[in-house]
Amino acid sequence: MDIGICVASHINDIDYVVRAEELGYSHAWLADSQMLWSDCYATLALAAVKTSKIQLGTGVAITGTRPAPNNASGIATINALAPGRTFFGVGAGNTALRVMGFPPQRIKAFDNYLETLAPLLKGEESVYEQDGETRPIRHIMPDKGFVNFDDPIPLYISGFGPKSLALAGKHGDGAVIALPASPAVMLNVWRMIEDGALAPIDRDEYYTTALTTMVVLDPGEAVDSPRVKSECGAMAMAAVHFAYDQFRNFGRQPPGGLGGIWDDYRKMIEAYPAERRHQRIHGGHNCWVLEEEERFLTPEVLQASSMIGTKDQLIDQLQGLESVGLDQVMILPNFDTRFEVLDRVARDVVSVVA
């Protein structure tokens with residue numbers, strides 16, 4: 001199995017990607033959220049010229065904030081800097097749009113966007129709609145190194161539910177998913193992907209990646225030790241933030257693992273003015289835990305979104321998921337402990353499973 005990293009794009013943190021390459025990580029997925037982090041394409045460009053082996057791409061680029069021609073040109077520019085090791089991950093914007101108080105792109109618009117995007121990633125002509133009018137478009141100056149379409153740019157589509165996963169099967173070369181809780185859940189993910197495919201999918205060719213983070217426990221260490229919280233607490237709270245967005249926008253009840261904190265969390269977050277609450281919900285998003293949220297890091301919350309276990313437990317979990325078609329796990333640790341996590345996971349896990 002491949003082990004990659006997801007990166008909260010940081011224009012002054014390129015050494016993190018360089019270190020990941022040195023340690024044998026397969027991919028670096030640079031996240032795209034304009035009101036949270038640095039611009040992903042600027043950060044990717046710096047990473048491209050400082051690395052030579054690691055696969056580089058967006059993790060994931062957002063459809064609702066960048067028109068398809070812009071995203072296609074952006075990643076084709078990175079492909080000119082890192083030919084043959086560039087990929088394009090794309091999603092509808094669960095965080096990038098919600099942090100501005102808007103919902104992610106709807107499924108029909110997402111479907112149309114991907115229909116426009118896929119040919120553009122190959123340097124081919126596509127049909128683009130703007131203000132109700134459509135035009136045939138293509139990159140008309142792909143020569144002289146401005147962009148690179150000669151080396152393929154795989155398209156990996158983010159999906160969390162049956163409709164978005166179906167679009168990943170319809171349009172994508174692969175899918176980006178939440179970490180499956182078990183091999184049985186992964187098999188259900190495959191069913192949803194294949195439900196949308198226009199032709200039978202060759203599972204050996206279609207590439208699947210799950211987002212999580214990983215903590216290797218020391219002998220006898222508790223799953224909610226201070227070290228564990230310092231390494232994966234941000235991922236755990238990001239899952240709580242996502243669950244609250246789902247609740248307040250669609251009335252969906254939280255996953256079972258969040259039940260013990262839910263009433264207390266709602267009381268805390270709903271004390272913020274409704275008109276600016278969207279700015280507060282995602283505070284520290286996938287980088288650190290705000291002080292007033294530290295009490296929510298129970299064992300159940302930590303384990304709901306992160307892989308926490310001994311070296312042998314983690315390897316067994318990865319091998320079980322690999323056996324049913326998960327190709328990669330990408331990890332996104334807390335910002336302040338990211339290098340320690342990178343080194344520990346490389347030593348205890350990447351060296352065994354990759």
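Below are the figures for this structure:
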{"item": "Criterion (at negative phi and either surrounded by fewer than 24 Cβ atoms within 10 Å (Cβ to Cβ) or polar (S, T, N, Q) (or both)) met by exactly one of Val60, Val90, Val49", "result": "Val49"}
{"item": "So Glu231, is it closer than 27 Å to Val345 by Cβ, of a type in the set (Asp, Glu), part of a helix (DSSP H, G or I) and more than 15 Å from the chain's Cα centre (by Cα)", "result": "yes"}
{"item": "Within the range 114-161, considering residues that are of a type in the set (D, E, K, R) and free of Cβ contacts under 8 Å to residues at least 12 places away in the same chain, the one farthest from Glu194 (Cα to Cα)", "result": "Lys144"}
{"item": "Flag if Ile78 is among the aliphatic types (A, V, I, L, M) and either touching a Cys at 6+ places or on another chain (Cβ under 6 Å) or surrounded by fewer than 16 Cβ atoms within 10 Å (Cβ to Cβ) (or both)", "result": "no"}
{"item": "Residues of the range 182-214 classified as part of a helix (DSSP H, G or I), surrounded by fewer than 19 Cβ atoms within 10 Å (Cβ to Cβ) and not basic (Lys, Arg), total", "result": "7"}
{"item": "Filter result (charged (D, E, K, R) and in contact with a Leu (Cβ under 7 Å, 6 or more places away or on another chain)) within the range 226-253", "result": "Lys229"}
{"item": "Criterion (within 18 Å of the chain's Cα centre (by Cα) and basic (Lys, Arg)) met by exactly one of Lys170, Lys144, Lys163", "result": "Lys163"}
{"item": "Residues within the range 27-48 that are more than 15 Å from the chain's Cα centre (by Cα) and either among the small types (Gly, Ala, Ser) or in a strand (DSSP E or B) (or both), tallied", "result": "5"}
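Yes/no per residue for (1) farther than 20 Å from Asp218 by Cα; (2) exposed (fewer than 15 other Cβ atoms within 10 Å of the Cβ); (3) free of Cβ contacts under 8 Å to residues at least 40 places away in the same chain:
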| position | (1), (2), (3) |
| --- | --- |
| Arg266 | yes, yes, yes |
| Glu270 | yes, yes, yes |
| Glu275 | yes, yes, yes |
| His278 | yes, no, no |
| Gly284 | yes, no, no |
| Val289 | yes, no, no |
| Arg295 | yes, yes, yes |
| Glu300 | no, no, no |
| Thr310 | no, no, no |
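For every residue, the table says whether it meets (1) modelled with pLDDT under 95; (2) buried (at least 16 other Cβ atoms within 10 Å of the Cβ).
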| site | (1), (2) |
| --- | --- |
| Thr86 | no, yes |
| Thr95 | yes, yes |
| Ile107 | no, no |
| Tyr113 | no, yes |
| Gly123 | no, yes |
| Ser126 | no, yes |
| Thr134 | no, no |
| Ile137 | no, yes |
| Phe149 | no, yes |
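The values are calculated or read from the model by the stated rules, or taken from the named source; none is laboratory data. Bear in mind that the values here come from a model prediction, so they are computed numbers and not experimental data. FYI the Cβ positions are ideal-geometry reconstructions off the backbone, even for glycines, and counts take in every protein chain you see.
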